[in-house]
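Report on the following structure.
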Amino acid sequence: MTGSQLQTQIIQLIQKSEKILILPSSPPDGDSIGSALALFHVIKKLGKQATVACADPVPEAIQFLPTTNIIDSKLVTSNDFIVTLDLTKAKLDTIKTDLQDNKVNIIITPKEGTLGDKDVSFHYGQSKYDLIIVVDTGDLSQLGKLYEQNAGLFTQVPVINIDHHISNNHFGKINYIDIMASSTTELLIPVLEELSKVTGKELITEDVATLLLAGIITDTGSFQNANTSPKAFANASHLLGYGARQQEIIQHIYKTKNLTMLKLWGRVLTKIQFDKLFRIVWSTISQQDFKETQSRDEDTGDIIDELMTNAPGADIVLLIKQRHDGIISGSIRTVSPSIDASVIAEMFDGGGHTQAAGFKIKNGDLLQTEQNIIKKIREFQAKRLNIHPDEQPEVVDLKLNKEKFTKKLEAKKNWSAAKPAAGKKAAPKDIVESVAKNQDEIDLQPGVTYKFEV
């Protein structure tokens, strides 16, 4: 089915629906929030009910966007168990409830007449929504608790799936997917313009145009990422014609950073690790990092792109983050379309684009998870770069705590490189000092990487 045919189907469903639920991916970003809120404004202008819900809070950096305050954190569905009384033969006086031993007694007192079991019926409530639009989401699981707690809703109500991720699994009744689009908001432009023509209403206001432009700017990294296309530039220019506030977006997203964010970024950049053989650069963010810098999950912002600028010689750049809810998330960037980031993410049940992807791992220990992730990516790179096992460095996990490891190195720091004890290389003082600074990985001898646990 062509793009224009899908757009027509989306417009027809929106027109025939009255209560529309709009769901951005979680955690949200500029593209998902821009898409969801642009649809919210348009649907409200059509005189219909619209609800936007997201499992995670809107990041502070994009709270300047119009009406982010209307986003709910949970769904209010009406899957209630309803008891219906037929009052044809009676008039009602009072209804009381009494809870005893995990049982509810419903006490109905008629004013006139009598009530019997034939006057009582039971059923479940109708769903509150008659259409769901999911934006910028490759899989329903990315909606988090909103999907987990309301999975049945997605089988009862038609779902429109609008996305630009190559890993999208086409979960909707209508799947409007274009992996060549720079962002989901870019896909919405022709839909909203056609909807304007069909309804005869000016739907793309300055606020809507700003929301749509925010998605393009954030997903292209202000037109610096590999997904920036001539069409992205053309659509951005087109939105400026509608009154999109470009400088407002740039100012809030790229030129405003609070002190805690800067502290966190500094810490991440000092922890950069580079595997020269496998051409991987990565860094980690622990809950301790968040605590000591008084920063939040959302303060990581575009730091993955900052890592890219500090990673000459790398094919794959990775940021591994331990979130407040215990989930470990990974953001992946690659320097060339020939290295598919979405394929790497899929190794950890994630997905995304060719050069930008991500994944989540539940209930993981950060150090162990980091080691497992890097091991798998090294295996991926070994096949791609044709690195023979003999060329791969030996990795020795010492399983020692920091204090013991430091003492062990202190005892050996005066080894002579010319006369190593037991055939081992020297452990110079600077290595001991690096351990004292809580480095996770050090080199004691060429070709061998020693790790320790704090």
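Each value in this text was obtained by applying a stated rule to the coordinates, not by laboratory testing. Values in this document were obtained by computation on a predicted structure and should not be read as measured data. Quick reminder, even Gly has a Cβ in these numbers, built from the backbone with ideal geometry, and neighbours come from all protein chains shown.
Take each peptide in 48-61, 256-269, count the other Cβ atoms within 10 Å of every residue, and average; sorted highest first, the result is 48-61, 256-269.
Shown in residue order for the range 315-331 are the 3J(HN,Hα) couplings computed by the Karplus curve 6.51 cos²θ - 1.76 cosθ + 1.60 at θ = phi - 60°: 9, 10, 10, 9, 10, 10, 10, 8, 7, 5, 8, x, 6, 9, 10, x, 10 Hz (x for Gly and Pro).
Sorted fewest first by neighbouring Cβ atoms within 10 angstrom, SER32, SER196 come out as SER196, SER32. For the range 81-124, what is the Kirkwood hydrodynamic radius in Å, using each pair of distinct C-alpha atoms? That comes to 11.4 Å for the range 81-124. Qualifying trypsin sites (Lys or Arg not before Pro) in the range 115-206, where qualification requires a DSSP coil assignment and no more than 14 other C-beta atoms within 10 Å, comprise LYS173, LYS201. Stretching the chain fully between MET1 and PHE122 yields a gain of 39.3 nm (0.36 nm per residue, less the alpha carbon separation).
Note that the range 56-69 has calculated 3J(HN,Hα) couplings of 10, x, 6, x, 4, 4, 10, 6, 6, 4, x, 6, 5, 5 Hz, one per residue in order, obtained from phi through the Karplus relation 6.51 cos²θ - 1.76 cosθ + 1.60 (θ = phi - 60°); glycine and proline are x. Report the charge-dipole magnitude of the range 81-124 in Debye, nearest 20, computed about the Cα centre from +1 at each Lys and Arg Cβ and -1 at each Asp and Glu Cβ. Value, rounded to 20: 80 debye. Which of the listed residues, THR293, LEU277, LEU239, is farthest toward the dipole's positive end in the range 214-295, when Lys, Arg count +1 and Asp, Glu count -1 at the beta-carbon? Farthest towards the positive end: LEU277.
Determine the distance separating the Cα centre of the range 1-39 from the Cα centre of the range 232-289; give it in Å without decimals. Value for the Cα centre distance between the two parts: 27 Å. Amide H contacts of ILE285: ILE320, LYS321, GLN322, each under 5 Å away and 5 or more positions distant or on a separate chain (H built 1.01 Å from N in the peptide plane; Pro and chain starts excluded). This model, with +1 at the C-beta of Lys and Arg and -1 at the C-beta of Asp and Glu, gives the range 231-387 a dipole about its Cα centre of some 200 debye.
The GluC sites (Glu not before Pro) of the range 182-280 that meet both conditions, a loop assignment by DSSP and at most 11 other Cβ atoms within 10 Å of the site Cβ, are GLU202.
Which pairs break 29 Å Cα to Cα here: LYS201/LYS257; LYS255/LYS291; LYS44/LYS74; LYS74/LYS173; LYS74/LYS362; LYS271/LYS360?
Pairs exceeding the cut-off: LYS201/LYS257.
Highest mean packing first, where packing is the average number of other Cβ atoms within 10 Å per residue, the peptides 208-214, 11-17 line up as 208-214, 11-17.
Backbone phi angles across the range 355-368, fed through the Karplus curve with coefficients 6.51, -1.76 and 1.60 (θ = phi - 60°), yield HN-Hα couplings of 10, 8, 8, x, 7, 10, 10, 7, 6, x, 6, 4, 5, 5 Hz in residue order; Gly and Pro are listed as x.
Under a 5 Å amide H cut-off, with hydrogens placed 1.01 Å from N, LEU23 pairs with ILE133, VAL134, VAL135 among residues at least 5 apart or on other chains.
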